[in-house]
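*Asks:* Quick one: the structure is below, questions incoming.
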Amino acid sequence: MAIKVIIFDFDGTIADTYQAIVDITNSLASEFGYKTLNPEELSFLKNLSSGEIIRQSEISLFKLPFLVKRVQKELGNQIGELAPILGMRGVLQKLKQQGYVLGIITSNIQDNVTTFLQHNGLESCFDFIHSGTSIFGKHRIINQVIRRYSLRSTEAIYVGDETRDIRSARKSNVGSIAVTWGFNSEKVLAKHNPDYLIVKPEELLDAIISRNQSQLSIMAAGENK
């Protein structure tokens with residue numbers, strides 16, 4: 001079946017929040033008991049999976065949820081000044097005009113997401129936002145979306161910038177599009193075998209077309225048996 005619903009991650013996929021999050025995380029280092037990261041160390045982390053990054057960090061798993069909440073709170077002070085990834089605005093508008101249902105599933109908080117969308121004139125592009133999900137629990141929300149819209153798994157696809165996004169899509173049996181302009185590097189994303197790996201937002205349109213053509217081919221082959 002053709003794609004009907006396109007689900008997006010928020011930070012690093014739609015919103016260019018990377019540097020702001022890095023700066024905030026470094027500013028909280030002494031409070032939470034870990035060292036600040038320099039550009040070389042950040043480049044190294046980009047080549048690790050989400051799970052490996054947590055294992056490499058010096059922060060305790062007990063403190064991690066509190067750190068995430070603080071980063072999100074501090075990000076809220078800047079979110080209205082941040083911009084979408086270059087080229088993403090036009091792509092989102094085109095997808096919406098073509099009749100796709102667009103949504104966001106993010107571990108960021110609702111206020112940050114809605115403020116960002118409003119300040120950038122993108123709120124009308126999205127049909128739903130699920131925020132505040134656990135770092136590794138996005139697949140449960142993807143499953144809820146599939147049930148809500150009475151979809152087959154082949155009618156939804158998830159777009160994200162981290163290895164955990166690929167994993168969440170796979171757990172929900174939906175297609176995955178990994179983008180290289182966010183946190184994880186192209187190298188590590190490729191190792192996790194997303195259905196599509198794209199380097200600029202405009203390629204998202206081609207990936208959706210390719211996915212639809214692939215699904216139609218599978219259907220046609222089944223009917224000809």
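Any read-out appearing in this document is the output of simple, stated calculations on the displayed coordinates, not a laboratory observation. Keep in mind the model is a prediction, meaning the values are calculated, not measured. We place every Cβ from the backbone using ideal geometry, glycine too, and count neighbours over all the protein chains shown.
*Asks:* Please find, among Val145, Val159, the residue that is in a strand (DSSP E or B), touching a strand residue (DSSP E or B) at 6+ places or on another chain (Cβ under 9 Å), under 30 Å from Lys46 (Cβ atoms) and in contact (Cβ under 8 Å) with a residue 40 or more places away in the chain.
*Replies:* It is Val159.
*Asks:* Could you check, for segment 59-82, whether at least one of its residues is under 23 Å from Leu205 (Cα atoms) and of a type outside the set (A, V, I, L, M, F, W, C)?
*Replies:* Checked against the condition, which is being under 23 Å from Leu205 (Cα atoms) and of a type outside the set (A, V, I, L, M, F, W, C), segment 59-82 yields no hits at all.
*Asks:* Would you mind telling me which numbered condition in (1) within 19 Å of Ile208 (Cα to Cα); (2) within 14 Å of the chain's Cα centre (by Cα) Ile141 fails?
*Replies:* Here Ile141 clears every test but (1).
*Asks:* Moving on to the next point. Tell me, please, whether a residue that is under 30 Å from Ala156 (Cα atoms), in contact with a helix residue (DSSP H, G or I) (Cβ under 8 Å, 6 or more places away or on another chain) and of a type in the set (Gly, Ala, Ser) can be found in segment 20-34.
*Replies:* Among the residues of segment 20-34, not one is under 30 Å from Ala156 (Cα atoms), in contact with a helix residue (DSSP H, G or I) (Cβ under 8 Å, 6 or more places away or on another chain) and of a type in the set (Gly, Ala, Ser), which makes the answer no.
*Asks:* Please pick out the residue among Ile53, Ile14, Ile24, Ile59 that is in contact with a Pro (Cβ under 7 Å, 6 or more places away or on another chain) and among the hydrophobic types (A, V, I, L, M, F, W, C).
*Replies:* Ile14
*Asks:* Tell me, which helices (runs of 4 or more DSSP H) wholly within segment 31-95 include 1 or more residues that are among the hydroxyl-bearing types (Ser, Thr, Tyr) and over 18 Å from Ala20 (Cα atoms)?
*Replies:* In segment 31-95, the matching helices (runs of 4 or more DSSP H) lie at 50-56.
*Asks:* Turning to a different aspect of this structure: Determine, yes or no, whether Gly12 is within 27 Å of Ile177 (Cα to Cα), surrounded by fewer than 14 Cβ atoms within 10 Å (Cβ to Cβ) and in contact (Cβ under 8 Å) with a residue 40 or more places away in the chain.
*Replies:* Here the answer is no, as Gly12 does not meet what is asked.
*Asks:* Criterion first (among the hydroxyl-bearing types (Ser, Thr, Tyr), over 28 Å from Gly80 (Cα atoms) and loosely packed, with under 15 Cβ neighbours inside 10 Å) does Ser172 satisfy it?
*Replies:* It is false that Ser172 is among the hydroxyl-bearing types (Ser, Thr, Tyr), over 28 Å from Gly80 (Cα atoms) and loosely packed, with under 15 Cβ neighbours inside 10 Å.
*Asks:* Kindly establish whether Arg167 is assigned to a helix (DSSP H, G or I), more than 14 Å from Ser107 (Cα to Cα) and of a type in the set (D, E, K, R).
*Replies:* For Arg167, the condition - assigned to a helix (DSSP H, G or I), more than 14 Å from Ser107 (Cα to Cα) and of a type in the set (D, E, K, R) - is met.
*Asks:* Across segment 180-217, what is the total count of residues that are surrounded by 14 or more Cβ atoms within 10 Å (Cβ to Cβ), outside any helix (DSSP H, G or I) and in contact with a Ser or Thr (Cβ under 6 Å, 6 or more places away or on another chain)?
*Replies:* Of the residues in segment 180-217, 5 are surrounded by 14 or more Cβ atoms within 10 Å (Cβ to Cβ), outside any helix (DSSP H, G or I) and in contact with a Ser or Thr (Cβ under 6 Å, 6 or more places away or on another chain).
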